[in-house]
Structures are given as C-alpha cells and as structure tokens.
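Chemist: Okay, here's the structure, questions in a sec.
The values are calculated or read from the model by the stated rules, or taken from the named source; none is laboratory data. Predicted model only: the values in this text are computed from it and were never measured. Quick reminder, even Gly has a Cβ in these numbers, built from the backbone with ideal geometry, and neighbours come from all protein chains shown.
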Amino acid sequence: MLKLSKYVLYDILRNKIMIAYSLFLLVISMSLFSMEENSSKAVLSLLNIVLIVVPLVSMVFATIHWYNSYEFIELMLTQPLSRKKVILSEYFGIGFSLSTAFLIGVGLPVCLYEPTASGFSLVLVGVLLTLCFTSFAFLASVKSKDKARGIGAALLLWFYFALIYDGLIMLVLFAFSDYPLEKVIMIMLSLNPVDLGRVFIMLQMDVSALMGASGAIVKNFFESSTGIIITLSIMILWIIAPLLLAIRSFNKKDL
C-alpha cells in the first residue's frame, strides 16, 4: 500500500494544477501579510479564503483525479491487492499532496509573519478541512460511476457546507430567538466542519464578537482545553466517517 501511495503522490505532485494551487495560496497569503500592518488582520482575511477555496479545490481535484485514475484503479485491483488498500492508497496520496500544497501556500507565510496560536490554528484547520473534503470527494465519487454526476454531487456538498448551512443556523436563531438555544447551536455547529473551523480560529484570535450570537454562545466552551479537544476530535471524525463510508461502498461496488 505504501508503494502505491508513493506512486499516486509522485504523479499528483507533478500535476500543474497542484503547482498552480500552491502558488495561488502563496501569492494571496504573502500579499495579505504584506499589505496589512497588523498580521492578525491578515490571518482574519486569509481565514475567509481558507474556508471557501480549500474545501472547493480539495473536493473538485480529488473527484476529478478519482475518475481520471479509474482505469489505473481497475488495473491495481487485478493484482493481489484488496480494495481497501487501493482506495486508502489513493486517499493518502491525494490527501498528502493537497495538504503539502496548502502548507507551502499558507503554512510558510504564517511561519514567517504570524507564528502565533491563531496562525498555527489557521494552518491546522486548513489541513483538517483538506482531508475532510477529500473524504467527501471520495464518497461522492465511489457512489456514482458517472463523472458528471459525481462532480455535481461533490459541488453540492461543498455548496451546502460552505454556504447554505450558515443560512440555516441564522434561520434557527431568528425563528427561535426567544428560546434558549445554546445546546441546539452547539449541535448544529458540530454538524458542519467548516463552521467548526471558523469558530475555532476566531476564538483563538479573540474576535468572537464578530461572530454574533453563535460566537457568544460557544465562547466559553471553546476557550477551555476540553472544548478545543472536543472540537478537533469532531473535525477528525468528519475526516474518518465519510472515508469509511466510501471504503464500505467501494468494497460492495460492482466495477
């Protein structure tokens, strides 16, 4: 499995799209840190890009790569390799390459300009979101043989988690503003890895006032060490759960 992962990784790292993605993040990050006198403001601006661009690129790239590698995957399955090893090799190769591109594009500028808890939290959340949405991409790809349908499903998942879900939270807050919603909001935030990442980083930066009602509700919880551990554990669960579902579906799939 390790040799197969190395081959997938080597093939992806030569991909021009991966190089362009890394350079894009690097240029944006360096520009923001250079223009802002206060590096904390640059991290806040970079946060919006990370929460939108990183999940989108991870979803689209991983989905397209899966379909483009389908013949290679079928060839590997003719060898004495289990389906689980093949799909995990693909996942680790894609996930590691995307994470490496993110670390080069965002991690290096953060280490140079903002080597603080908030800066490293941004890098950590970016890597976790990369792996999380790569898992979603694998699940969408395995579930559908048709390339267009698989990419469409991946984009719908990104659109839901990155854009629609925040609207649902605001709707609940507005409709039930007269009721205690602390536990409800905590549960709703846990059901979206993007929101978890946003809350985690912004509370590390002590700008929870900008998050409105949801920020005030979770401020005390996430500031505790227990809250931080629980948050990261839930994000890791968001990585593992879709991947396990993808492996289960791939094992039963008729190729």
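Chemist: Kindly indicate whether any position in the range 180-197 is at pLDDT below 70, of a type outside the set (A, V, I, L, M, F, W, C), part of a helix (DSSP H, G or I) and farther than 25 Å from I240 by Cα.
Modeler: yes
Chemist: Related question: Right, I104: at pLDDT 80 or above and either in a helix (DSSP H, G or I) or closer than 28 Å to L26 by Cβ (or both) or not? Reasoning before the result, please.
Modeler: Values: at pLDDT 80 or above: yes; either in a helix (DSSP H, G or I) or closer than 28 Å to L26 by Cβ (or both): yes.
Answer is yes for this residue.
Chemist: So which residues in the range 133-152 are surrounded by fewer than 20 Cβ atoms within 10 Å (Cβ to Cβ) and closer than 23 Å to G197 by Cα, if there are any at all?
Modeler: Listed by number, the list is empty, since nothing qualifies.
Chemist: Consider the range 18-68. How many of its residues are in contact (Cβ under 8 Å) with a residue 12 or more places away in the chain and under 22 Å from L157 (Cα atoms)?
Modeler: Total meeting the criteria: 22.
Chemist: Sticking with this structure for a sec: Are there any pairs with C-beta distances below 6 angstrom linking a residue in the range 235-255 that is assigned to a helix (DSSP H, G or I) to a residue that is of a type in the set (D, E), with the two at least 6 apart or on different chains, and if so which?
Modeler: Here the result reads none, with nothing in the range 235-255 linked to a residue that is of a type in the set (D, E).
Chemist: Name the residues in the range 224-250 that are exposed (fewer than 14 other Cβ atoms within 10 Å of the Cβ) and at pLDDT below 80, would you?
Modeler: S224, S225, T226
Here is a yes/no grid of residues against (1) modelled with pLDDT of 80 or more; (2) among the polar types (S, T, N, Q); (3) surrounded by 21 or more Cβ atoms within 10 Å (Cβ to Cβ):
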| site | (1), (2), (3) |
| --- | --- |
| K6 | no, no, no |
| K16 | no, no, no |
| L25 | yes, no, yes |
| S34 | yes, yes, no |
| L56 | yes, no, no |
| F92 | yes, no, no |
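Chemist: Any idea which of L124, L112, L155 is part of a helix (DSSP H, G or I), on the phi < 0 side of the Ramachandran plot and either without any contact (Cβ under 8 Å) to a residue 40 or more places away in the chain or within 11 Å of the chain's Cα centre (by Cα) (or both)?
Modeler: L124
Chemist: Moving on to the next point. M76 is checked against (1) under 22 Å from the mean Cα position of the chain (by Cα); (2) touching a residue at least 60 places away in the same chain (Cβ under 8 Å) and fails just one. What number does that condition carry?
Modeler: Just one mismatch for M76, condition (1).
Chemist: Applying the selection to the range 109-164, what residues are closer than 16 Å to I236 by Cα and hydroxyl-bearing (S, T, Y)?
Modeler: Scanning the range 109-164 gives S121, T130, T134, S135.
Chemist: Give the number of residues within the range 72-90 that are under 16 Å from K253 (Cα atoms), among the charged types (D, E, K, R) and either at pLDDT 80 or above or surrounded by 13 or more Cβ atoms within 10 Å (Cβ to Cβ) (or both).
Modeler: 3
Chemist: Could you say which residue among F161, F136 is closer than 17 Å to G95 by Cβ, touching a residue at least 60 places away in the same chain (Cβ under 8 Å) and of a type outside the set (A, V, I, L, M)?
Modeler: Of F161, F136, the one residue that is closer than 17 Å to G95 by Cβ, touching a residue at least 60 places away in the same chain (Cβ under 8 Å) and of a type outside the set (A, V, I, L, M) is F136.
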